[in-house]
Amino acid sequence: MLYKIYWQTPKCTLLLIFMTISACTSKQTINFLGFEGCPNTPILLERLRAASPKSEIIEVDLMRLQTGDPLLGWGAPTIIFDGEDLFGLEPSPDRAVSCRNWSMGLPEVEVIRKALKEKAQ
């Protein structure tokens, strides 16, 4: 934001122009969807924590959600950032607990870090 301040005395007029720079220092909140017994849940959670150690990660157990909960549209494990799948997968309309098929394998730490950075911008 740009500010202009005029200061006047009988002998001179001074114009001060300055900018304020604000930075967002709040932590990112990330939902991590998984369930006990899913072999990929602990692996992806570990990679997510390594990729973004300062972020608040809310672990959501899909098995404990009520029938019809919108989060059930994604399979486990899934990283939800700002209400969307970090890697662009659309939720299924089925709204049932399921496993996610990571056809190319689980994303590595650096891939997760890069995706979070891109989504945050």
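The values are calculated or read from the model by the stated rules, or taken from the named source; none is laboratory data. Predicted model, so just to flag it, every value in this text is computed and none were measured. Methodologically, a virtual Cβ is constructed for each residue, glycine included, from the backbone with ideal geometry; neighbour enumeration extends over all protein chains shown.
Scan the range 58-76 for residues that are among the aliphatic types (A, V, I, L, M), within 14 Å of Leu44 (Cβ to Cβ) and out of contact with any Ser or Thr (no Cβ under 8 Å at 6 or more places or on another chain) and the total you get is 2.
State yes or no: is Leu45 modelled with pLDDT of 90 or more, surrounded by fewer than 18 Cβ atoms within 10 Å (Cβ to Cβ) and among the aliphatic types (A, V, I, L, M)? Taking the combined requirement at face value, the residue satisfies it. Pairing each residue of the range 35-57 that is closer than 9 Å to Pro77 by Cα with any residue that is polar (S, T, N, Q), provided the two are 6+ apart or on different chains, yields C-beta distances under 9 Å for Phe35/Thr41; Leu44/Thr78.
Each residue in the range 106-121 was checked for being of a type in the set (Gly, Ala, Ser) and at pLDDT 95 or above, and 1 pass.
In the range 81-116, the qualifying residues are those that are within 15 Å of Phe35 (Cα to Cα) and of a type in the set (A, V, I, L, M), and the one that is surrounded by the most Cβ atoms within 10 Å (Cβ to Cβ) is Val97.
Look at the range 94-107 and say how many of its residues are under 22 Å from the mean Cα position of the chain (by Cα) and more than 19 Å from Arg64 (Cβ to Cβ). Qualifying residue count, the range 94-107: 6.
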